[in-house]
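Everything below concerns the one structure shown next.
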């Protein structure tokens, strides 16, 4: 068994890492050299102002009357449009796209939203000097890896980002404006700055994002914050123009992402992906009626004037800023210069477009060079040759146009060249995708076969027969040599060899005979088919929660019908099992509990139900010392939680003592179920002990779900005793370590129990939502415990909440193992088989493009199932701790 566990750990780590290499390779190419500066740029300095979380609709609606200064700028000397952001619409990727021209690096999904996984180039790093003020979550990533002393940042403390209802979010923006004013009023220092060219000033304004999250975009406070931003911009722009009176300052006002009406962002809705983009000053065009000659289909009507709207992609801002300052486009840029914004000569514009094109050409050449270094020409992809010929042709045409000084032609052909290069880069990014998917698929199928054969034979050695060792070694040498000569990355070669190693083990020794027996045994084939079909239904449940209700009600209906036909006793338990299944089956049909899904009535109702449930010991005339403590604690704690919730909903903040009590309530229940080891009493105690932390972090019907879920899995354990025709009841067993000589061999009923357990595991995951909730959590879920923005603590608390149903399920499953004398090891192997069948599905469903919700959900599906059994083993070990530890002596009282 130890060799199986070690091999399982090794292979699952490799399977998990495979998606990183297949789907999440970094798009950033290191080691590229920047191009030359442009001669005679129109601006000496640039001021970039980003209002975090401001969507285009909120800016342009109401005739721009909420931003009167920016409206005046647009009407008199500016040009505007909508910046179309890419998903995920979050702050870090949005700012990286604006300032570096790089859309979300897929590999950064494993770093969260706090940082980029690798160092990237940016317009800040290309400038002579950049000064930045704003959030500590954004500014450091642009100074990290930049040339020393080139990017100077000044940020407030993370503790200042308060998410309480009464918080004044505009104070964050006020801090930035005051810092900028103080900076510009340093006369001696400004004399030195005036002499410099290619200087950038970056103002990051987080207030709009914070206000949108707390008060929502249509609130009065959000409007007040927008007006405050407009006034602040008016003051600092006038100060900039007074200090730098040479008319060589360019200004850009935009946002990193938008926001839904519910105050959320991260996905791809129009409100989240459309942000305002306004530019004015040195080198910037004006929208004057003459500019309507530019191609545009969108217009704004402001004060009766029809103003053309020039939309851009968010990454296009980086080459635009580079053009205005005459600096090289960032080496990792994927944006395209928006030709309607610069007010420059055709000669300068042609050189700027060529600069943009040849920066992308350097990225393409890096991929192309690695490909051409392969040894065997017959292995080249035919599409590679087509792309190469087109790139060479356009490159020659642009150089010819420069010779002929046909600058209009250069602009047109550079546009085509950029599009072609972006397609070529994308082609090379996914070069080994299909081959790696096939290799990993064959490996997983071999591993599933190995596990199934272990259940049949109980034999798990890593010895390989000499015949298969020779054949496998020959194939390994041939494949490794060929790929090494082709300069295939070492990681890819490893995955190409993995299937051979696994199948050598599968086909050796007794397993080959067991495999032959399996192929001729109808019973084994039907069992395998049952597992595959069940696994496929569970896969569908990840996308349609309603399927969980159908599976639960369908299975419980079949079991109940069987029990009635066989006249199994006691009938009360059969009725209790089916009725609890009906109650639990309602929850996957309900709306997901997500951001701002609040229902105080259901929350209060669930709390009251738990309080009454904790008193059932009294009704049963059987209880122990810990159950009395639990009932009192749950009663007092439940009332306190309800008081806090209604207190917060009234718009009040919590006092320090109230927050301290909340943390006490969170941890106090754990000591109350360390008493009796009687199965019935201990399981009820564990449920009552864990419900209070769950209620503390709930918003709606979650407590009702937990009480339904726990009541049903308790009934499930009792029902299995009825189906296995055990004469004893749950209260007749005690939690203890099961000796080896008391275990029995696994049979078809045990396989059924495993499949039902997997169904309950999915219900525990998706009963109230989905695991993507972790990456898009609402601060309100931990509102009683945390107010300042602390993502790691918040996420840890949310994970703890989501793990509570799994903890309860693991404890009930351990009770079932003991009561049925089942072989827990082989039942866990069967779980691993089902999980790996599901993993094989999710391997092909992983996404590396789209919103963080889409990427994170597809990725979490694969990771959940890849690590499910290992996590379940951890929870199973934790359940032993919960069910066997004794602190208080067990004293049971009876009421006469």
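The values are calculated or read from the model by the stated rules, or taken from the named source; none is laboratory data. Here the structure is a predicted model, which is why all the values come from computation and not from measurement. When we count neighbours, we look across all protein chains shown, and the Cβ atoms used for this are built from the backbone with ideal geometry, even at glycine.
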Any hit, region 53-62, residues being more than 33 Å from the chain's Cα centre (by Cα), in the same structural domain as residue 264 (by TED's automatic domain parsing) and not in a loop (DSSP other than H, G, I, E, B): yes
Filtered residue count, region 208-221, keeping only those that are within 13 Å of residue 171 (Cα to Cα) and over 24 Å from the mean Cα position of the chain (by Cα): 1
Cβ-Cβ under 6 Å pairs, at least 6 apart or on other chains, region 641-661 side assigned by TED's automatic domain parsing to the domain that holds residue 693, far side assigned to a loop (DSSP other than H, G, I, E, B) and modelled with pLDDT of 75 or more: 644/784
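Would you say residue 859 is surrounded by 16 or more Cβ atoms within 10 Å (Cβ to Cβ), modelled with pLDDT under 75 and in a helix (DSSP H, G or I)? Break it down into steps so the answer makes sense when it comes.
On the way: surrounded by 16 or more Cβ atoms within 10 Å (Cβ to Cβ): yes; modelled with pLDDT under 75: yes; in a helix (DSSP H, G or I): yes.
In short, yes.
Quick test for you: out of 580, 556, pick the one residue that is closer than 25 Å to residue 698 by Cα, part of a helix (DSSP H, G or I) and modelled with pLDDT of 75 or more. Spell out the reasoning first.
Numbers: 556 fails: closer than 25 Å to residue 698 by Cα.
Only one candidate passes the filter, namely 580.
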Test: residue 595 is closer than 30 Å to residue 839 by Cβ, at pLDDT below 80 and touching a helix residue (DSSP H, G or I) at 6+ places or on another chain (Cβ under 9 Å): yes
Members of region 195-235 that are at pLDDT below 90 and over 22 Å from residue 61 (Cβ atoms): 195
Verdict on residue 322 being on the phi < 0 side of the Ramachandran plot and modelled with pLDDT under 90: no
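For region 168-206, enumerate the residues that are loosely packed, with under 13 Cβ neighbours inside 10 Å and in a helix (DSSP H, G or I). Talk me through it step by step, then tell me what you get.
Here is the first cut: in region 168-206, the ones loosely packed, with under 13 Cβ neighbours inside 10 Å are 182, 185-189, 191-192, 195-196.
Those that are loosely packed, with under 13 Cβ neighbours inside 10 Å and in a helix (DSSP H, G or I): 182, 187, 188, 189, 191, 192, 195.
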Scan of region 103-134 for residues that are assigned to a loop (DSSP other than H, G, I, E, B), crowded, with 24+ Cβ neighbours inside 10 Å and modelled with pLDDT of 85 or more, ordered by number: 121, 122, 127
Condition met for residue 361 (within 15 Å of residue 427 (Cβ to Cβ), modelled with pLDDT of 90 or more and within 38 Å of the chain's Cα centre (by Cα)): yes
Some residue of region 413-433 being surrounded by 15 or more Cβ atoms within 10 Å (Cβ to Cβ) and free of Cβ contacts under 8 Å to residues at least 24 places away in the same chain: yes
Selection status of residue 47, at pLDDT 90 or above and either touching a helix residue (DSSP H, G or I) at 6+ places or on another chain (Cβ under 9 Å) or not assigned by TED's automatic domain parsing to the domain that holds residue 274 (or both): yes
The one condition in (1) within 36 Å of the chain's Cα centre (by Cα); (2) not in a loop (DSSP other than H, G, I, E, B) that residue 335 fails to fulfil: (2)
Total residues in region 600-635, condition out of contact with any helix residue (DSSP H, G or I) (no Cβ under 9 Å at 6 or more places or on another chain) and modelled with pLDDT of 75 or more: 3
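Does residue 238 count as free of Cβ contacts under 8 Å to residues at least 24 places away in the same chain, surrounded by fewer than 23 Cβ atoms within 10 Å (Cβ to Cβ) and either in contact with a strand residue (DSSP E or B) (Cβ under 6 Å, 6 or more places away or on another chain) or in a helix (DSSP H, G or I) (or both)?
It is true that residue 238 is free of Cβ contacts under 8 Å to residues at least 24 places away in the same chain, surrounded by fewer than 23 Cβ atoms within 10 Å (Cβ to Cβ) and either in contact with a strand residue (DSSP E or B) (Cβ under 6 Å, 6 or more places away or on another chain) or in a helix (DSSP H, G or I) (or both).
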